[in-house]
1. For T408, only one of the following conditions fails: (1) among the hydroxyl-bearing types (S, T, Y); (2) part of a helix (DSSP H, G or I); (3) surrounded by fewer than 18 Cβ atoms within 10 Å (Cβ to Cβ). What is its number?
2. Any idea which of L198, L228, L244, L218 is closer than 30 Å to F446 by Cβ and either of a type outside the set (D, E, K, R) or in contact with a Phe, Trp or Tyr (Cβ under 8 Å, 6 or more places away or on another chain) (or both)?
3. Considering only the range 424-433, state which residues are in contact (Cβ under 8 Å) with a residue 40 or more places away in the chain, part of a helix (DSSP H, G or I) and open to solvent by 10 Å² or more (accessible area, probe 1.4 Å).
4. Scan the range 456-502 for residues that are of a type in the set (D, E) and over 22 Å from V105 (Cβ atoms) and jot them down.
5. Can you find a residue in the range 172-194 that is over 24 Å from L348 (Cβ atoms), of a type in the set (F, W, Y) and in contact with a strand residue (DSSP E or B) (Cβ under 7 Å, 6 or more places away or on another chain)?
6. Among the numbered conditions (1) modelled with pLDDT of 90 or more; (2) surrounded by 17 or more Cβ atoms within 10 Å (Cβ to Cβ), tell me where Y176 comes up short.
Amino acid sequence: MDDPKKLEEGFADDVKGHLVEEEETRSFHGEKDKTSRVDDTSVGGGQDATEYCKLKEHKSTGLTEQPAAQKQEQTALVLTKPPKTKRIATLDAFRGLTVVLMILVDDAGGAYPRIDHSPWNGCTLADFVMPFFLFIVGVAIALALKRIPKVNAAVRKIISRTLKLFFWGLILQGGYSHAPSDLSYGVNMKLIRWCGILQRIALVYLIVALIETFTTKLRPTAISPGFLSIFTAYKWLGGFVSFLIYMFTVFTLYVPDWTFVVHHGHAAGKYTVKCGMRGHFGPACNAVGYVDRQVWGINHLYADPVWKRLKACTFSSPASGPLREDAPTWCPAPFEPEGFLSSISSILSGTIGIHYGHVLIHFKGHKERLKHWVSMGLCLIVLALVLHFTDAIPINKQLYSFSYVCFTAGAAGIVFSGFYILIDVWGQRKPFLFLEWIGMNAMLVFVMAAQGIFAAFINGWYYEDPKNSLVNWIQQHVFIDVWKSERVGTLLYVIFAEIVFWAVVSGVLHKLRIYWKL
């Protein structure tokens, strides 16, 4: 299996990308940075740092008992020790948190609709998952591509990983896999869904990583003094272009009337949605949906969009339920939340993550890093709230609106900064080890847990009826029946039988140095 020092960024957890050259810097409180030293549980760079610490300790406590020549030799060894590298544990913990959130909202969101995706405008816990993924992918890219000895080799690796991510996305979310409840597999190519979570990550990774690679000769080796120097040192090319394309399209593209067909058994009903407008941010007549219908075809879009949980569509809102008799014609229509235009907008999420990675590279002090990260995060959140509450641009995950990009990226920056203070500055690493373990094997946990592949495997061994499987028995008898509540039982099942279980599995795999790499 893969040595962790050879793992790569994104879902593959590029440990090489997590190695940041550290000088002995001032800590957050202005003292010599003691918390930046890593212990022997670190992956990559930890052994050298531990030896260094031992030598210094030995120098201070044991040299008085040794001959002068030996003392001088050991002192020289300490003083000539090369600068250490260390693994920024916050990256793994943040990635692990994102995977945990995905499992929680996907599997417990039905019982607790308030944490599930917002039916349209607004932002819930589930709506942070995708931009958090793109943010941490951006941070990892900045670190992994800090030095590029061979541009052609880097480009080949980027394209290869992009194709692998897209392939896994088609398998897991294109309709081929029906896990975990349905034991069948296969997809009608006339109805295959081309878009999805991994497909979007693949696109953002491709664009952002290629830009970072081809601009390697334009990068500064040092940042000039000044708070804004980090912004002018790098060219926000990908984010700026994606912003212009998205904003120009959503405000100027004319959306005509459109039709769709809903199949009910052997019968089919044809519906027409009246539009004929520009710059609309509602469910029916926005440019994002129109572009996807033209690019992919309406039969290849997500067939169960979250807008069905709107009050206009169901009396069960915000939970799922039967459509109202007076529901608008667009309520049963398909819509792609990871579509083409919204994915172009999501490139900006990855670009902001790149910026946070650049700050991590160029600023060695904790205080300087946190000043940049927190201030930018707060500014993005304020901008998003102003745009949202003035009705200029609503915060909307389905459209991946600009205000949504700012709000979620700002939140990601604040959470990342909080983790950095707790884990890498204050050294409070143990409470977050389970997140680190999951983050180191994020692709494995995503596939097996978040996409239900492992549960489907267990469900394949049933007694008489497919419903009589071990997974269903544990969920019903160990959790729901014991707590006399389907909501509480479902939540506890997700926490203990999924999140805790996969945290333990990831910890064991980390101990064995086994990682799933793309």
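The values are calculated or read from the model by the stated rules, or taken from the named source; none is laboratory data. Just so you know, these numbers come straight off a predicted model, no measurement behind them. Cβ coordinates were reconstructed from backbone atoms using ideal geometry, including for glycine residues, and neighbour counts include every protein chain displayed. All accessible areas refer to the heavy atoms of the entire protein, side chains included, with ligands and DNA or RNA removed. Shrake-Rupley method; radii C 1.70, N 1.55, O 1.52, S 1.80 Å.
1. (3)
2. Working: L228 fails: closer than 30 Å to F446 by Cβ; L244 fails: closer than 30 Å to F446 by Cβ; L218 fails: closer than 30 Å to F446 by Cβ.
None of the other options fit; the residue is L198.
3. First, pick out the residues of the range 424-433 that are in contact (Cβ under 8 Å) with a residue 40 or more places away in the chain: 424-427, 429, 432-433.
Next cut, part of a helix (DSSP H, G or I) only: 424-425, 432-433.
F432, L433, listed by residue number.
4. Applying the first criterion (of a type in the set (D, E)) to the range 456-502 yields 464-465, 481, 486, 498.
E464, D465, D481, listed by residue number.
5. Checked against the condition, which is being over 24 Å from L348 (Cβ atoms), of a type in the set (F, W, Y) and in contact with a strand residue (DSSP E or B) (Cβ under 7 Å, 6 or more places away or on another chain), the range 172-194 yields at least one hit.
6. (2)
The rows are residues; the columns are (1) among the small types (G, A, S); (2) within 30 Å of F166 (Cα to Cα); (3) crowded, with 19+ Cβ neighbours inside 10 Å; (4) in contact (Cβ under 8 Å) with a residue 40 or more places away in the chain.
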position	(1), (2), (3), (4)
A319	yes, no, no, yes
P337	no, yes, yes, yes
S349	yes, yes, yes, yes
H358	no, yes, yes, yes
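Yes/no matrix, rows are residues, columns are (1) open to solvent by less than 40 Å² (accessible area, probe 1.4 Å); (2) over 30 Å from I354 (Cβ atoms):
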| residue | (1), (2) |
| --- | --- |
| K217 | no, no |
| A222 | no, no |
| V250 | yes, no |
| R293 | yes, yes |
